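One structure is given here, and the rest of the page talks about it.
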Amino acid sequence: MDSRTSKQNYYLDIADAVLERSTCLRRKYGAIIVRNDEIISTGYNGAPRGRRNCSDLGGCMREKLGIPSGERYELCRSVHAEANAIISASRRDMIGATIYLVGRSAKTGELLSDAMSCSMCKRQIINAGIAQVVIRTSPSEYRVIPVSDWVENDDSIINLIG
């Protein structure tokens, strides 16, 4: 019997290590893109290259204003982990790939069992040609989301049609 870590948890463990580079004061995310069992790119959330990070500034504007998670991203200094991984890869290498995502509380280090890509990252993942998203929900469990679900269940038009 093979007692090795599953491939999914192996890649999620790597994404978990990547998030240690995050400079966000609220939530740390790490992402890796894998195709044909090869890591294509990695990304974590932090300010754009050359700009000062919230961790350097000692504060977060969204936190200062009491903005709940998932809202008012235009006030956030960070580029999200998924976006950074996509920026660092060629589209031809991402077509049919899997992106692995792990999130943790910046304050406690606790795993975010409800981690999910925001609507902007979902759009970038769709356009990159990535086939599925694997998100860690516990130290050994994860959920797999076919990107086609995000195409078919377009959350950006809910208020327009319903």
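Computed quantities for the displayed model
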{"read-out": "Relative contact order computed over the stretch 74-162 (Cα-Cα under 8 Å; 6+ residues apart), in percent", "value": "28 percent"}
{"read-out": "Dipole of the chain, positive direction: furthest Cα of S3, I125, Y73, with charges on the beta-carbon", "value": "Y73"}
{"read-out": "Spherically averaged projected area in nm², based on the convex hull that wraps the Cα atoms of the stretch 35-122", "value": "6.8 nm²"}
{"read-out": "DSSP beta bridges in the stretch 56-162 [antiparallel fraction, %, rounded to 5]", "value": "60 percent"}
{"read-out": "Evaluated at q = 0.09 Å⁻¹: base-10 log I(q)/I(0), Debye formula over Cα of the chain", "value": "-0.29"}
{"read-out": "Loop trypsin sites (Lys or Arg not before Pro), the stretch 1-40, which have at most 15 other Cβ atoms in a 10 Å radius of their Cβ (DSSP)", "value": "R4"}
{"read-out": "Percentage relative contact order, the chain, counting C-alpha pairs under 8 Å, at least six apart", "value": "23 percent"}
{"read-out": "Calculated over the stretch 7-72: convex hull of Cα atoms, volume per residue (Å³)", "value": "104 Å³"}
{"read-out": "The chain: most fluctuating residue of P139, P68, P48 per GNM, C-alpha cutoff 10 Å", "value": "P68"}
{"read-out": "The stretch 17-162 - percent of accessible surface contributed by carbon and sulfur, probe 1.4 Å", "value": "48 percent"}
{"read-out": "Dipole magnitude (debye, nearest 20) for the stretch 1-96, charges at Cβ of Lys, Arg, Asp, Glu", "value": "420 debye"}
{"read-out": "Residue-normalised accessible area of the chain, given per residue in Å² at a 1.4 Å probe", "value": "58 Å²"}
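The values are calculated or read from the model by the stated rules, or taken from the named source; none is laboratory data. Computed from a predicted structure; not experimentally measured. Reconstructed Cβ throughout: ideal geometry from the backbone, glycine too, with neighbour counts over all protein chains shown. All accessible areas refer to the heavy atoms of the entire protein, side chains included, with ligands and DNA or RNA removed. Shrake-Rupley method; radii C 1.70, N 1.55, O 1.52, S 1.80 Å.
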